[in-house]
Protein chains: 2
Amino acid sequence: MIGKLTIIGLGLMGGSLAKALKAKSAVGEVWATGRRSASLEKGLALGVIDNWTLDLAEAVAGADIVLVATPTLVAEQVLAGLAPLIDERMIVTDVASVKGNMLRAAESVFDILPPRLVLGHPIAGSEQSGVEAAKTDLFVDHRVILTPLPGNDVEAVNTVRQMWEVAGAEVVDMAVDEHDAVLAATSHLPHVLAYTLVDALAANGRAADIFRFAAGGFRDFTRIASSDPTMWHDIVLANQQAILDGLDNFAGHLQTVRQLIADGDGPAIKQVFARAKQARDEHFLGQYKAGRKPSSD
Amino acid sequence: MIGKLTIIGLGLMGGSLAKALKAKSAVGEVWATGRRSASLEKGLALGVIDNWTLDLAEAVAGADIVLVATPTLVAEQVLAGLAPLIDERMIVTDVASVKGNMLRAAESVFDILPPRLVLGHPIAGSEQSGVEAAKTDLFVDHRVILTPLPGNDVEAVNTVRQMWEVAGAEVVDMAVDEHDAVLAATSHLPHVLAYTLVDALAANGRAADIFRFAAGGFRDFTRIASSDPTMWHDIVLANQQAILDGLDNFAGHLQTVRQLIADGDGPAIKQVFARAKQARDEHFLGQYKAGRKPSSD
């Protein structure tokens, strides 16, 4: 049971967590704060939160858990604002998509990292955003990655873990670097590729025809290019090195495949395609078979 | 009204066309032929066709329209087999995903291209394949691209156009090269990119984690990497040059974006992402608004 939960940056993620915890009677009161009142007022009207204030100090006073749920680059700044307000028993955690930049921000804000600062990332989301899109079951059967640090208070990590488990998520621990490399490969790089492909095609003189005759495969492949440019620009800047590493690895493979196509090397091309199909089918069909709902992002 | 339609290579495409034409009473009898009897027997049992034979000459004798619906590379060979069997009134058309290689195959088979050889490509399909997946409405609200040649008999082109229109499709004319460039950009290149990304990640030591934490964006982005490797290897070989051109154009754009990320040039990154989102949303949301069902592939 969490006495007071404070959400900084009330949107889909924080709102859905609040609804899930309230549905399980796992939280006493939920406060929210942010830079503007609109989403806070909406959250209160919808019953997602119990109280709000634009004053950060008032919002976090007496909080058991403070959830930083602002956009990625803002979250770095929020940590600095929180620094003088954190007391010994307060747990601070976050939902940002990149963890290395949060760790670096924390290291620059604090001389010694607060033992109860627990970095986390729920792999869940929706096409929609904002507190009005919040839903009780957003995290059910989805994964939350925590990246505990050597100096972390074990009890604080366990409290954050239990909070997400109550909301229905499966919680997994991972090192900060590993998290950022895995997310670069599975999420950040695909977004960069999809944005780049659509932008390259839109610059083509035949753009109208190209889009006009695009079939379902293209629509799915480029769906993530309709994601919020500001949010993804944040993520790319936050996870710069891991994305560059993933991009270089991909570009190298692409040049190899290009050479196979230029050589007309049918058997080798078929081998690449068959290997990829097998890897994807194994992982995704296996996942489906196990009854696990695939995560959305 | 088509008296006799003969389908060479009975699968999803030919089967669906047969069902659609029968539903509109627009065909007298449908014959099919192929290399093996299994799908032909199935098509007869399902009432999709009226008769079948493994003998090509018997199959096409007296046909008004012969539809070549085999895999892309096989279709080239089928043209050679058809050459001595074509009479002056017979229309031959196809459904292959690449048109340049079909034209080159026809040019090598025939001294003078038959005026009633009409190349075409329905932009439709399904996750499923085979005659058992055939459905009457597969082509409804989908596009069929015809690539008429200068020497084509206008009446033959119009007959093929009407056949697809009766099946519910919107028929559009395009030059052979343009068709292959547009399809390379919207379909063939995305398949190569998706196969390459999944294969690159599967080769990574962290492959298990990478796939385990893949979210919905990755699943959609790589869905086409679960496509049939043999069919796509055919297409890549058939449309080699246009795919190489598209790939080089994309790789150039990717290197530009890579540099923006390496430079940490936030505004320029956001500009690329925003431009891509706008282009995609305009074309796809516009398409939805107009009430057009998006094509699947």
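The values are calculated or read from the model by the stated rules, or taken from the named source; none is laboratory data. Small disclaimer: the values here were computed from a predicted structure and weren't measured. All Cβ positions, even for glycine, are placed from backbone atoms using ideal geometry, and neighbour counts span all protein chains on display.
Some observations on this one:
- Checking B:Leu149 against (1) within 11 Å of chain A (Cβ to nearest Cβ); (2) in contact with a Leu (Cβ under 7 Å, 6 or more places away or on another chain), the condition it does not meet: (1)
- Residue match in region A:157-168 (condition: within 22 Å of B:Gln255 (Cβ to Cβ), surrounded by fewer than 20 Cβ atoms within 10 Å (Cβ to Cβ) and within 20 Å of the chain's Cα centre (by Cα)): no
- In region A:19-48, the residues that are in contact with a helix residue (DSSP H, G or I) (Cβ under 8 Å, 6 or more places away or on another chain) and closer than 19 Å to A:Gly168 by Cα: A:Ala20, A:Leu21, A:Lys24, A:Ala26, A:Val27, A:Val30, A:Val48
- For region B:241-267, a tally of residues being closer than 19 Å to A:Ala203 by Cα, of a type outside the set (Phe, Trp, Tyr) and facing chain A (nearest Cβ under 7 Å) returns 9.
- Single match in A:Gly3, A:Gly28, A:Gly9 (criterion: in contact with a strand residue (DSSP E or B) (Cβ under 9 Å, 6 or more places away or on another chain) and within 20 Å of A:Gly125 (Cβ to Cβ)): A:Gly9
For every residue, the table says whether it meets (1) within 22 Å of A:Lys99 (Cα to Cα); (2) free of Cβ contacts under 8 Å to residues at least 60 places away in the same chain.
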residue	(1), (2)
A:Ala134	no, no
A:Leu138	yes, no
A:Leu146	yes, yes
A:Pro150	yes, yes
A:Ala184	yes, no
A:Ser187	yes, no
A:Leu193	yes, yes
A:Arg206	no, yes
A:Ala214	no, yes
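- Checked against the criterion of being free of Cβ contacts under 8 Å to residues at least 40 places away in the same chain and closer than 28 Å to A:Ser16 by Cα, the candidates A:Ser129, A:Ser226 yield just one match: A:Ser226.
- Summed over region B:105-128, the residues that are within 14 Å of chain A (Cβ to nearest Cβ) and either over 30 Å from B:Ser226 (Cβ atoms) or part of a loop (DSSP other than H, G, I, E, B) (or both) give a count of 5.
- Evaluation of A:Ser187 against (1) surrounded by 23 or more Cβ atoms within 10 Å (Cβ to Cβ); (2) among the hydroxyl-bearing types (Ser, Thr, Tyr); (3) more than 15 Å from the chain's Cα centre (by Cα) (one fails), failing number: (3)
- For region A:227-270, a residue qualifies if it is in contact with a Lys or Arg (Cβ under 8 Å, 6 or more places away or on another chain) and buried (at least 20 other Cβ atoms within 10 Å of the Cβ), and the qualifying residues are A:Ser227, A:Pro229, A:His233, A:Leu247.
- Set A:Gly15, A:Gly62: member being within 23 Å of A:Val144 (Cα to Cα), small (Gly, Ala, Ser) and touching a residue at least 24 places away in the same chain (Cβ under 8 Å): A:Gly15
- Every residue from region A:133-147 that is at pLDDT 95 or above and within 18 Å of B:Ile210 (Cα to Cα): A:Val144, A:Ile145, A:Leu146, A:Thr147
- From B:Ser39, B:Ser108, B:Ser97, residue being surrounded by fewer than 23 Cβ atoms within 10 Å (Cβ to Cβ), modelled with pLDDT under 95, assigned by TED's automatic domain parsing to the domain that holds B:Gly9 and among the small types (Gly, Ala, Ser): B:Ser108
- Count of region A:192-210 residues which are within 7 Å of another protein chain (Cβ to nearest Cβ) and at pLDDT 85 or above: 11
- Close pairs (8 angstrom Cβ cut-off, 6 or more residues apart or separate chains): over 15 Å from A:Arg104 (Cα atoms) in region A:233-246, among the basic types (Lys, Arg) anywhere: A:His233/B:Lys270; A:Leu244/B:Arg258
Matching residues to (1) of a type in the set (Val, Ile, Thr); (2) under 23 Å from B:Arg206 (Cα atoms); (3) away from chain B (no Cβ under 14 Å); (4) touching an Asp or Glu at 6+ places or on another chain (Cβ under 9 Å):
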residue	(1), (2), (3), (4)
A:Val144	yes, yes, no, yes
A:Asp153	no, no, yes, no
A:Thr159	yes, no, yes, yes
A:His179	no, yes, no, no
A:Ser187	no, yes, no, yes
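- Meets criteria (crowded, with 19+ Cβ neighbours inside 10 Å, out of contact with any Leu (no Cβ under 8 Å at 6 or more places or on another chain) and in the same structural domain as B:His121 (by TED's automatic domain parsing)) for B:Ala59: yes
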